[in-house]
Structure formats: structure tokens, C-alpha cells
Amino acid sequence: MIRIIKTVMFTIALLLVAYIGIKTVDYKLDSLKNAQTQMSEVTAEMRQKQLNCLARNIYHEAGYEPFEGKVAVAQVTINRTESGQFPSDICQVVYQKNVVYEKVLCQFSWYCDSVALKKPMNNAVYAEAMEVAKIVLLEGFRIDAVKGALYYHADYINPKWGKKPAAKIGHHIFYL
């Protein structure tokens, strides 16, 4: 009799463990499916828009800088999207404005200059900026010296930030 009770209890326990296991797997799969549905998939149109914004920023900020300078500017732009301190979208980072003491300040100064908002004038320089944007955004090319850098300025400007410089590339000084 005790043997039958033990067998029944063991069978019930085994069925209960199997049921809980199946429900756990179903819950995990549903969670993953919901998370995947909520994540926005990057379309070709969205990727092209991101490339255009990045290329435009490279063009205006470092168009006549050496290759490394262009890469560093692109890298800072992308670093900002990944930092949590700036918008997570490249275009939003490039076109971000702040109001400080009732004055509108652009994160990238060219954007506040209405002349610069027009189509790039030098097609060859813009084409090179687009190539750099592709290399940095799509292929993940990075320069170690500006890894984590979120700020930079031209070497002829002294913003008195009090930050420690990470690197000087071309005519820009980069900061973490």
C-alpha cells in the first residue's frame, strides 16, 4: 500500500514539475515575442536617414579634416547615442538644441547656422563624409583614442570645460 502511495505521489510530483516547466518556457517565449514586437526593426529607409544625418554632421564638423578626424567626429556622434545622456537616435543627436539662459544652443554649432542647413556645396567632400559614415555606422570602425568621447571642439577655441582631453585629431580636441 505504501509503495502505491509513493508511486502515485511521485507521479503527481513529476507531472507538476513538467507542468511548471512547460508554463515557464511558454512565459519566457511570450516575453521574448513581446520584447521583439516592441523593439523597432531598423528598415533600409531608417538606416539611410541615419547615414544622411551622420554624413551631414561629418561634412559640416570635419569635412576638411583628415580621415581620422572624420571618423572621430562620427564616433562621438554615435557615442552620444549609446551614452544614455543624449537621444538614442543619430538624427536627434545631430539636431539637438538646448536652451541655456534663454539662448538656443546647438550641440553641433553648424546646425544653428542657417546657411549650413542648405544642401552641402562640395559634393566630393560630402561623398567622402558619406563613406566615413558608412564605415563607422555600418562596419563599426572605431578609433581607440576617442573610445567613450562625448565632446570635442576645434583647437582654436577654449570653452574652459575643465575636462581632461582624450585625444587631439586634426583640428579637434576630444573629451570623455
Please go through region 86-112 and pick out each residue that is of a type in the set (A, V, I, L, M), in contact with a Lys or Arg (Cβ under 8 Å, 6 or more places away or on another chain) and in contact (Cβ under 8 Å) with a residue 12 or more places away in the chain.
V93, V94
Exactly one of A72, A44, A55 is surrounded by fewer than 23 Cβ atoms within 10 Å (Cβ to Cβ), among the small types (G, A, S) and modelled with pLDDT of 80 or more, and that residue is A44
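Look through A13, A62 and report the one residue that is open to solvent by less than 40 Å² (accessible area, probe 1.4 Å) and modelled with pLDDT under 95.
Answer to the selection: A62.
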Any chance S83 is open to solvent by 30 Å² or more (accessible area, probe 1.4 Å), without any contact (Cβ under 8 Å) to a residue 12 or more places away in the chain and polar (S, T, N, Q)
no
Meets criteria (more than 23 Å from W110 (Cα to Cα), over 14 Å from the mean Cα position of the chain (by Cα) and either modelled with pLDDT under 90 or not in a helix (DSSP H, G or I) (or both)) for Y19:
yes
For region 146-169, enumerate the residues that are over 19 Å from S109 (Cα atoms) and either modelled with pLDDT under 90 or open to solvent by less than 50 Å² (accessible area, probe 1.4 Å) (or both).
V146, G148, G162, K163, K164, P165, A166, A167
Hey, K164 out of contact with any Gly (no Cβ under 8 Å at 6 or more places or on another chain), over 13 Å from V73 (Cβ atoms), in contact (Cβ under 8 Å) with a residue 24 or more places away in the chain and not aliphatic (A, V, I, L, M) or not:
no
Residue list for region 57-113, restricted to those being within 18 Å of the chain's Cα centre (by Cα), acidic (D, E) and part of a loop (DSSP other than H, G, I, E, B)
D89
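Can you tell me which residues in region 112-121 are open to solvent by 50 Å² or more (accessible area, probe 1.4 Å) and either within 23 Å of V76 (Cα to Cα) or modelled with pLDDT under 75 (or both)?
C112, D113, S114, V115, L117, K118, K119 - these are the residues of region 112-121 that are open to solvent by 50 Å² or more (accessible area, probe 1.4 Å) and either within 23 Å of V76 (Cα to Cα) or modelled with pLDDT under 75 (or both).
The values are calculated or read from the model by the stated rules, or taken from the named source; none is laboratory data. From a predicted model like this one, the values you see are computed outputs, not experimental measurements. Positions of Cβ are generated from backbone atoms using ideal geometry, with glycine treated the same way; all protein chains shown enter the neighbour counts. The protein model used for the area step is the full one, side chains on, heavy atoms only, and it has no ligands, DNA or RNA in it. Shrake-Rupley method; radii C 1.70, N 1.55, O 1.52, S 1.80 Å.
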